[in-house]
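The structure under discussion appears below in the form of structure tokens.
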Amino acid sequence: ASAKLPDKTRAENIRATCDGAAATVTAVGQTDKKLAPPKLYDLTTLQREANRLWGYTAQQTLDYAQALYDKKLATYPRTDSRFLTSDMTDAIPVLVNLSALAVPGVRGSVAIGIDGVGRVINDKKVTDHHASAATRC
């Protein structure tokens, strides 16, 4: 059983005792969890994630997002919103499937199902421009 040890000295003693010793797994468990899809990106969050994951600068991220936008593989990249307007509802499946086809190695029709679109549609939370709806990698 796993328990949190309040005393650091006790934890160090257990570690020292077990260090180099053989361990036996006595039980393995699995839990199914349902996770909601991540929110869409605003420009700042996209830049922060791209820097954290790939070391891109803010300008590089903006340039890449703009290039995707120019190829119609992402929605407007220079946004401070994380939502799309209701008039984009029908365009989301098209955008996702076009983006999937741009992935190297994907050929032909992909037909990716889109669930929970309503979670990212909110006209009242869209400021000047809607969220960047590029696929999250």
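The values are calculated or read from the model by the stated rules, or taken from the named source; none is laboratory data. Quantities reported herein were computed from a predicted structural model and do not represent experimental measurements. A quick note on method: Cβ atoms are made from the backbone with ideal geometry, for glycine too, and the neighbour counts reach across all protein chains shown. Note: accessible area is taken over every heavy atom of the protein model, side chains too, but ligands, DNA and RNA are not part of it. Shrake-Rupley method; radii C 1.70, N 1.55, O 1.52, S 1.80 Å.
A Gaussian network model of the chain, with springs between Cα atoms under 10 Å, assigns the largest mean-square fluctuation among 92, 14, 121 to 14. Overall shape: prolate for the chain, with the ratio a/c of the largest to smallest alpha carbon gyration tensor axis at 1.5 or above and a/b above b/c. Amide H to amide H, with H built 1.01 Å from N, residue 121 comes under 5 Å of 84, counting only residues 5 or more places away or on other chains.
Taking only protein heavy atoms and a 1.4 Å probe, the accessible area of the chain is 54% carbon and sulfur. Here the peptides 51-61, 35-45 are ranked by packing, the mean other Cβ count within 10 Å, and the order with the highest first is 35-45, 51-61.
Solvent-accessible area per residue in the chain equals 77 Å², computed with a 1.4 angstrom probe and all protein chains kept. The listed residues 106, 94, 126, once ranked by accessible area (1.4 Å probe) with the largest placed first, stand as 94, 106, 126. Net charge dipole, the chain: roughly 300 debye, given to the nearest 20, about the Cα centre with Cβ charges of +1 for Lys and Arg and -1 for Asp and Glu. When the C-alpha to C-alpha distance is required to be over 31 Å, the pairs from 71/124; 8/33; 33/71 that qualify are 8/33; 33/71. Its relative contact order, with pairs defined as Cα atoms under 8 Å and 6+ residues apart, puts the chain at 28 percent. Measuring with a 1.4 angstrom probe and ignoring ligands and nucleic acids, residue 78 comes out at about 120 Å² accessible.
A simple charge model with +1 on the Cβ of Lys and Arg, -1 on the Cβ of Asp and Glu and nothing else charged puts the dipole of the stretch 59-108 at about 180 debye relative to its Cα centre.
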